[in-house]
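Q: Can you keep this structure in mind? I'll have questions shortly.
Computed from the coordinates by the stated procedures, all read-outs in this text should not be read as laboratory data. This structure is a prediction, so every number in the text was calculated from the model and none was measured. Quick reminder, even Gly has a Cβ in these numbers, built from the backbone with ideal geometry, and neighbours come from all protein chains shown.
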Amino acid sequence: MMLGLVILIGMTSACADGQGPGTESGGIVGTPTPGVVESQVREAPVRARVSPSDDTRVESVAANPTSTNALPEATTVPTVTPRPQSPTAADTFDPDGLMMEAGSGFIPLDEPVMIPATEATWLDDGEIVMGLVANNGETRAFPVRQMAYHHIANLTVGGEPYLVTY
Amino acid sequence: MAGLYNGLFVMRDRQTGSVWTHYDGSILQGPLAGQGVKLEILPAYHTTWGDWRTANPDTLVLDWYPEFKDNYRQGRFEIGRAGLRPEFQRTLLNWDDRLPENELVLGVNHYGEQRAYVLGELGGGPVIIADELGGDQIAIFADPGELYALAFVAVREGEVLIFSVQDGVIIDQTGAEWDMQGRALTGPYSGAVLPFATSFVSEWYGWSAYFPETTIYGR
């Protein structure tokens, strides 16, 4: 029985710094430019922290950047319009669906031992793993048949905290 | 693992005892609830070990802990096998019979819109599905035979990238090559990674319980 496959990072609060999404350290590389998602593309190995969950998008009213008919400067100032946000489980929380302690008794992993691929001789090529690409480009793999027991691995890569859950 | 909510695992942090769901990183109960605090979901590359280590030869992998060997599944873990344990079912707030409960889907949650892509209906080898979700052009990068799929935003500099697979290689309309992790290998964007559209592989019952409004690709 699978519970879903998720890798999460850090703890953030939307707009907590008052600067809006995408301004956290390690976040989006580059500054917003005309073209809605262009600024979300980042160079490897940096991995943005889930820019699609941002609640705003930057749009430009510049009709055609290559036009020789220069638009008044005011019309090229990017405007921020809200994008619809997906509801979270917290938004729709119903206590009837919560059963604490059910299924507990699993032992989570804290900073588990990670070994080179060549040493994992017990792992068959057909086994399913969850792969993580950290912000610093390093990679980690978690075999599902182990994570189906532990459910949680807390780990640090390149000084940043990651949470791998199953 | 602290319990279950809506058929899925919830966890507690040790500092505050707040209860979190890993399905979207939000907090259901406890001192941190109601403050908009949220963990951010990163891409989880759900695939075979052979595929992963070939694409990422420098990867490290979780060590084998002999003290838990009796708790680990033997052999290849059977993902998506039928059945739901009663305690999971009891906590479900929504039951959706559009698909079998254990059908493996890639769930994509992008700017207020959710869609499920049935892995078993996407084909055998590497495949790219172009779609529109949450107002963006997205691309599903999938290798269903490896149980791999993730979604990315398929736009660069205002231009929609159109991907195809030729002889097992992903290329865009300019002929530039990309890998399964959404990274450009050649061409003007070489080294760039497409923006992730929040997505992960899950069983249908959980996806549809958390996102009752979800659509299903192709239906």
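Q: Quickly rank A:119-131, B:204-216 as a protection proxy: mean count of other C-beta atoms within 10 Å, highest first.
A: Ranking the peptides A:119-131, B:204-216 by packing returns B:204-216, A:119-131.
Q: Please compute the Kirkwood hydrodynamic radius over the range B:95-219, one decimal place, Å, based on all pairs of different Cα atoms. Could the numbers behind the result be given before it?
A: On the way: mean 1/r = 0.0677 Å⁻¹.
Roughly 14.8 Å, rounded to one decimal.
Q: Within 14 Å, Cβ to Cβ, of B:L119, how many net charges do the neighbouring residues add up to if Lys/Arg are +1 and Asp/Glu are -1? Let's see the in-between values first.
A: On the way: positive: B:R115; negative: B:E103, B:E121, B:D143, B:E146, B:E203.
It works out to a net charge of -4.
Q: Oh, and also: For the pair B:S190 and B:W95, what calculated FRET efficiency results from E = 1/(1 + (r/R0)^6), where r is the Cβ-Cβ distance and R0 = 56 Å, to the nearest 0.05?
A: Values: r = 47 Å, r/R0 = 0.83.
Calculated value: 0.75.
Q: Please get the size of the charge dipole for the range B:49-216, origin at its Cα centre, with Cβ charges of +1 on Lys and Arg and -1 on Asp and Glu, quoted in debye to the nearest 20. All intermediate terms of the calculation are to be shown ahead of the outcome.
A: Working: 11 positive and 26 negative charges, 78 e Å.
Dipole about the Cα centre, nearest 20: 380 debye.
Q: Determine the shielding of peptide A:118-126 by partner chains: average, over its residues, the number of Cβ atoms on other chains within 10 angstrom of each Cβ.
A: Details: counts 3, 4, 8, 1, 1, 6, 5, 7, 7.
Going residue by residue through A:118-126 and averaging, the value is 5.
Q: Based on the mean of other beta carbon atoms within 10 Å per residue, what is the order of B:193-200, B:140-147, B:59-66, B:40-47, most packed first? The partial results should precede the final answer.
A: Values: B:193-200: 25.6, B:140-147: 21.5, B:59-66: 18.1, B:40-47: 23.9.
Ranked from most to least packed, the peptides come out as B:193-200, B:40-47, B:140-147, B:59-66.
Q: If Rh is defined by the Kirkwood formula over all Cα pairs and Rg also comes from Cα, what ratio Rg/Rh do you get for chain B? Walk me through the intermediate numbers first.
A: Details: Rg = 18.7 Å, Rh = 19.1 Å.
On the Cα set of chain B, Rg over Rh gives 0.98.
Q: Then there is this: Taking every residue in B:89-95, how many Cβ atoms of other protein chains lie within 10 Å of its Cβ, on average?
A: On the way: counts 0, 4, 6, 1, 7, 2, 0.
Taking the mean over all residues of the peptide, I get 3.
Q: With a 10 Å Cβ neighbour count serving as the proxy for reagent exposure, in which order, fewest first, do A:V80, B:V155 appear? It would help to have the intermediate numbers written out before the result.
A: Working: A:V80 12, B:V155 21.
Ranking A:V80, B:V155 by Cβ neighbours within 10 Å, fewest first, gives A:V80, B:V155.
Q: Could you grab the relative contact order for the range B:49-216? Cα pairs under 8 Å, six or more apart, rounded to a whole percent.
A: Numbers: 269 pairs, mean separation 38.8, N = 168.
Computed over the range B:49-216, the figure is 23 percent.
Q: Averaged over peptide B:174-182, how many Cβ atoms belonging to another chain are found within 10 Å of each residue's Cβ? Intermediate values should be presented prior to the final figure.
A: Values: counts 0, 0, 0, 0, 0, 0, 0, 4, 2.
Partner Cβ neighbours, averaged per residue: 1.
Q: Could you state the number of Å between the C-alpha centres of the range A:87-166 and the range B:193-219?
A: Their Cα centres are 19 Å away from one another.
Q: What are the principal axis extents of the Cα atoms in the range B:33-152, in Å, biggest first?
A: Computed over the Cα atoms, the extents are 47, 39, 35 Å.
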